[in-house]
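Read the structure below first, then the notes.
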Amino acid sequence: MKQKASSDNWARELARGAVSIKQLRSLDLVSEETLFKAAQIENEFATRVPASQIEAIKGQEESIRRQFVPSSEELRIQQQERDDPIGDQAHSPCEGLVHRYRDRVLLMPTHLCASYCRYCFRRYKVSHGGGLSPSALKEALSYIRKRTEVREVILTGGDPLTLTDRKLAQIFSELSEASHLRTLRIHTRIPTVLPSRVSEELLEILRTSRLIPWVVSHINTHHELNTRAKEALTKLRKAGIPLLSQSVLLRGVNDSTEALKTLFLALAELGVKPYYLHQLDLAKGTHHFRVDLSRARSMMAELQGHLPGYCIPKLMVDLPGGLGKVPAEKEWAQQTKKDHWKFQSPIKKDCVQTVHYPPSN
Ligand SMILES: *Cc1c(COP(=O)(O)O)cnc(C)c1O
Ligand code: SF4
């Protein structure tokens, strides 16, 4: 009985989110121009604005509106932007798996999220169709069982916490049978976009697994951290689950030293260690969110000395074509001229890649 009651809660909250541009127009949250282009925009990437953030959007909180409310700017595609900006496909041994680093793999069981972030780096896949079929999941699990060098499975997105408790418990249980696995990481946006999903049943699955769970929450501004989001993170912390955060640096959302400082301090006060700050990937139709990498680096430099060391995440670039993630630091990233950067791949020795970012306007 109890289980039913709480899954009902989050399903109900999920259903309260807005799922079309038309619906957002009736709430007076999008422009006429965006409504006019609705079919084109939603053909590329679906709409889902979480109920948990609608109040803030109605209250004109621009940092929240920009993240979740679709805009016709998404139809302006830059030449450098691509469908699969970080080259997942190049390292995908079977559907729903990406094995880029020897010791850890990504498993993507679903394409659904509780919110659709307009800058999503997997927007060519996320929101389209449901995700892995039972037989594809079986094949992915069987690949993981055979690769004994893998220590960690990272469930990622789509948002793995949109799966039912039953499905999650099944994945946890099958993975814990593989004795070479040690940790199970969950990359999720749930704590701020669907806080009711952090139910007792979910905590039980995480707490009782043989695999040590790490939960990495995607959070971009302290405005997302309303009372319910804070409660969800606190529940996870009190259940003894190690918590990290990742954020994406986004123009008009969090691109100031002050905004970042406030966010990182707020996270630390909730027991969440800021892990990565991502330079926006070159996904199609995301240019209006892009921040120059040189500006990103100077903001990070300004934080140094003004926050406790553990509040400062690493600024990361995920290289196009599947060459891996690198810190945007001198050893890995050098600016050659304006908007041109030379990166050293962390997985292919002596492989240097030059990226030309579209100039910001
Ligand atoms: C980002 C990513 C990981 C995780 O990298 P960490 O640096 O351990 O957080 C693992 N595999 C793939 C394919 C990734 O893109
Ligand atoms: S939660 Fe992650 S995967 Fe889902 S839309 Fe946002 S960025 Fe994309």
Here D for region 76-144, in µm²/s, from Stokes-Einstein with a Kirkwood Rh over Cα pairs at 4 °C and 1.567 mPa s, works out to 98
Based on DSSP H runs of at least 4 residues, each adding -39500 (n - 2.57), what is the mean residue ellipticity at 222 nm of the chain after dividing by all its residues, to the nearest 500 deg cm²/dmol?
-9500 deg cm²/dmol
Computed from every Cα-Cα pair in region 220-297, P(r) in 10 Å bins starting at 0 and rounded to whole percents is 18, 46, 27, 10
Taking the Cβ of each residue in 237, 16, 189 as the centre, tally the other Cβ atoms inside 10 Å and list the residues starting with the fewest.
16, 237, 189
Scale the Cα Rg of region 221-361 by the rule-of-thumb value 2.2 N^0.38 Å and send over the ratio, two decimals.
1.12
Which entries of 261/325; 261/338; 37/58; 125/146; 146/342; 167/235 have Cα-Cα distances beyond 30 Å here?
146/342
Diagonalise the Cα gyration tensor of region 4-112 and give the resulting equivalent ellipsoid semi-axes, square root of 5 times each eigenvalue, largest first, whole Å.
30, 22, 12
Return 216, 193 ranked ascending by Cβ neighbour count within 10 Å, so the fewest neighbours appear first.
216, 193
Taking 2.2 N^0.38 Å as the expected size of a compact globular protein, what ratio does the Cα radius of gyration of the chain give against it, to two decimals?
0.96
Using amide H atoms built 1.01 Å from N in the peptide plane, name the residues 5+ places from residue 273, or on other chains, whose amide H lies under 5 Å from its own.
243, 244, 245
When the charge dipole of the chain is computed with +1 at the Cβ of Lys and Arg and -1 at the Cβ of Asp and Glu, the Cα pointing farthest to the positive end, of 47, 157, 67, is that of 157
Mind checking which aspartates and glutamates have their C-alpha under 20 Å from residue 348, skipping anything on the same chain fewer than 8 residues away?
84, 88, 103, 149, 281, 318, 329, 331
Largest-first ellipsoid semi-axes for region 111-255, taking √(5λ) over the Cα gyration tensor eigenvalues, angstrom
25, 19, 14
Within the P(r) computed for region 29-180, what percentage of the Cα pairs occupies the region above 20 Å?
56
The chain: relative contact order from alpha carbon pairs under 8 Å, six or more residues apart, as a whole percent, is 16
Taking H placed 1.01 Å from N in the peptide plane, check which residues at least 5 places from residue 226 or on another chain put their amide H under 5 Å from its amide H.
none
Under 17 Å Cα to Cα from residue 238, which lysines show up? Leave out anything in the same chain fewer than 8 places away.
230, 273
Tell me, how many Å apart are the Cα centres for region 249-277 and for region 136-215?
26
Residues 113, 351, 311, sorted so that the one with the fewest Cβ neighbours within 10 Å comes first:
351, 311, 113
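Read-outs: derived from the displayed coordinates by stated rules, not from any lab. Here the structure is a predicted model, which means the values were calculated and not measured. In this analysis, Cβ positions are derived from the backbone assuming ideal geometry, glycine residues included, and neighbour counts consider all displayed protein chains.
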